[in-house]
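Visitor: Before I ask anything, here is the structure I am working with.
The values are calculated or read from the model by the stated rules, or taken from the named source; none is laboratory data. What you see is a predicted model; the values in this text were computed from it and never measured. Reconstructed Cβ throughout: ideal geometry from the backbone, glycine too, with neighbour counts over all protein chains shown.
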Amino acid sequence: MSPICTKAGYVVTEVKGISGYKPDYTPRNVEIVTGELNVVEYKNQPYPVFVLQKIDADTKQPLEGVRFRFMDKSQREIGIFTTNSLGQIMLTGMDEGTYYCQEVEAAAGYQLDATVRQIALQWGQTTTIEVKNTPMGSLRIKKVDALTGKPIPGTVFLVYDAKNNILGEYTSDYKGIVELPRSLAAQKLTVKEIKVAPGYVLDTQARSVEIKAGRAVSRNSGGRRCRRRCLGGGELGRPHAAKPGRCCRALGANA
């Protein structure tokens, strides 16, 4: 308190509150009466506490590193805050009232939830909200020999999104596997084989794959061998050594 002497008595002003409480800076005039106990009462409101808990929608494990925008009742930005190792953001020091929060950056491998959430904070109370993040989907393509089941490396695939935009070109590894990163939103993709390993028939049929959030989708592709040895890795339009002019696509129809 900071008492200031005036002709009428004193003016008392709170200049610093205690931790967790809002100071009351309203000046109060106090008239000192001789022989009496003169009392000035100040009531401090305990600040509201806001806790945001971010978890995996499937495992319920906390998610660290997710960024949220915190806004006032007019949705003006107060600040951007990041979840800790417990998946939490804890804020205090605000007045009672209406606030908003919105996720602006998801953790790696998760879908962004950009929903604007309204929060009602009250003096001296803790308000907790739980926000779930759905893991992104992934796609695994396995290329194997249709007869032996052995992996076929070196097969090249194009992957298209629902709007027929090319997402990328991928080549099967020594295990015959193409593994797309876990960064795919729920959608329908199209997979098309564009190049096969030597001695195999090119599969020209495009295949649709539905990606589901939080799931790894596997797609097996069986490779059929050419009856005659192909030159140039069995690419579409490459001639056979035995009969120039017959390509893998044509042979596949008669094999």
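Visitor: Give me the residue from segment 166-188 that is outside any loop (DSSP other than H, G, I, E, B) and either among the β-branched types (Val, Ile, Thr) or at pLDDT 90 or above (or both) and, out of that set, nearest to LYS150 (Cα to Cα).
Guide: Step one: list which residues in segment 166-188 are outside any loop (DSSP other than H, G, I, E, B), which gives 166-171, 177-179, 184, 187-188.
Checking the rest, the ones that are also either among the β-branched types (Val, Ile, Thr) or at pLDDT 90 or above (or both) come to 166, 168-171, 177-178.
Working: ILE166: 28, GLY168: 25, GLU169: 22, TYR170: 19, THR171: 16, ILE177: 11, VAL178: 15 Å.
In this case the residue turns out to be ILE177.
Visitor: Let me ask something else. Here is a check on your reading of the model: is ASP95 in contact (Cβ under 8 Å) with a residue 60 or more places away in the chain and either out of contact with any strand residue (DSSP E or B) (no Cβ under 7 Å at 6 or more places or on another chain) or over 30 Å from GLY137 (Cα atoms) (or both)? Give the derivation first.
Guide: Working: in contact (Cβ under 8 Å) with a residue 60 or more places away in the chain: yes; either out of contact with any strand residue (DSSP E or B) (no Cβ under 7 Å at 6 or more places or on another chain) or over 30 Å from GLY137 (Cα atoms) (or both): yes.
The answer is yes for ASP95.
Visitor: Next up: Could you please find all residues in segment 116-165 being under 24 Å from the mean Cα position of the chain (by Cα), within 30 Å of THR82 (Cβ to Cβ) and part of a loop (DSSP other than H, G, I, E, B)?
Guide: THR134, MET136
Visitor: Here's another thing I want to ask about it. Please work out if GLU130 is among the acidic types (Asp, Glu) and under 30 Å from CYS101 (Cβ atoms). Walk me through how you get there before you give the answer.
Guide: On the way: among the acidic types (Asp, Glu): yes; under 30 Å from CYS101 (Cβ atoms): yes.
Yes: the conditions hold for GLU130.
Visitor: Identify, by number, the condition in (1) modelled with pLDDT of 85 or more; (2) over 44 Å from the mean Cα position of the chain (by Cα); (3) of a type outside the set (S, T, N, Q) that PRO46 doesn't meet.
Guide: (2)
Visitor: So, ILE152, is that one loosely packed, with under 13 Cβ neighbours inside 10 Å, modelled with pLDDT of 90 or more and out of contact with any Cys (no Cβ under 7 Å at 6 or more places or on another chain) or not? I'd like the intermediate steps shown before the answer.
Guide: Values: loosely packed, with under 13 Cβ neighbours inside 10 Å: no; modelled with pLDDT of 90 or more: yes; out of contact with any Cys (no Cβ under 7 Å at 6 or more places or on another chain): yes.
In short, no.
Visitor: GLY124 is checked against (1) out of contact with any Lys or Arg (no Cβ under 6 Å at 6 or more places or on another chain); (2) surrounded by 14 or more Cβ atoms within 10 Å (Cβ to Cβ) and fails just one. What number does that condition carry?
Guide: For GLY124, the exception is condition (2).
Visitor: Please work out if TYR110 is touching a residue at least 40 places away in the same chain (Cβ under 8 Å), more than 30 Å from ALA186 (Cα to Cα) and either out of contact with any strand residue (DSSP E or B) (no Cβ under 8 Å at 6 or more places or on another chain) or of a type in the set (Phe, Trp, Tyr) (or both). Talk me through it step by step, then tell me what you get.
Guide: Details: touching a residue at least 40 places away in the same chain (Cβ under 8 Å): yes; more than 30 Å from ALA186 (Cα to Cα): no; either out of contact with any strand residue (DSSP E or B) (no Cβ under 8 Å at 6 or more places or on another chain) or of a type in the set (Phe, Trp, Tyr) (or both): yes.
Answer is no for this residue.
Visitor: Moving to a separate point now. Among the listed residues GLY65, GLY17, which satisfies the condition of being touching a residue at least 24 places away in the same chain (Cβ under 8 Å), under 25 Å from ALA107 (Cα atoms) and in a loop (DSSP other than H, G, I, E, B)? Full working, then the answer.
Guide: On the way: GLY17 fails: under 25 Å from ALA107 (Cα atoms).
On inspection, the qualifying residue turns out to be GLY65.
Visitor: Let me ask something else. Taking segment 37-72 only, how many residues are more than 30 Å from GLY137 (Cα to Cα) and either surrounded by 12 or more Cβ atoms within 10 Å (Cβ to Cβ) or among the polar types (S, T, N, Q) (or both)? Quick ask: steps written out before the conclusion?
Guide: Residues of segment 37-72 that are more than 30 Å from GLY137 (Cα to Cα), as a first pass: 37-50, 71-72.
Checking which are either surrounded by 12 or more Cβ atoms within 10 Å (Cβ to Cβ) or among the polar types (S, T, N, Q) (or both) leaves us with 38, 40, 42, 44-50, 71-72.
Residues in segment 37-72 being more than 30 Å from GLY137 (Cα to Cα) and either surrounded by 12 or more Cβ atoms within 10 Å (Cβ to Cβ) or among the polar types (S, T, N, Q) (or both): 12 in total.
Visitor: Would you point out the residue of segment 20-41, among those that are within 46 Å of the chain's Cα centre (by Cα) and assigned to a strand (DSSP E or B), that is modelled with the highest pLDDT?
Guide: TYR21
Visitor: Follow-up question, since we're still on this one. Just to be sure, is GLY79 farther than 30 Å from ASP173 by Cβ, small (Gly, Ala, Ser), modelled with pLDDT of 95 or more and surrounded by 12 or more Cβ atoms within 10 Å (Cβ to Cβ)? Write out each step before concluding.
Guide: Values: farther than 30 Å from ASP173 by Cβ: yes; small (Gly, Ala, Ser): yes; modelled with pLDDT of 95 or more: yes; surrounded by 12 or more Cβ atoms within 10 Å (Cβ to Cβ): no.
It is false that GLY79 is farther than 30 Å from ASP173 by Cβ, small (Gly, Ala, Ser), modelled with pLDDT of 95 or more and surrounded by 12 or more Cβ atoms within 10 Å (Cβ to Cβ).
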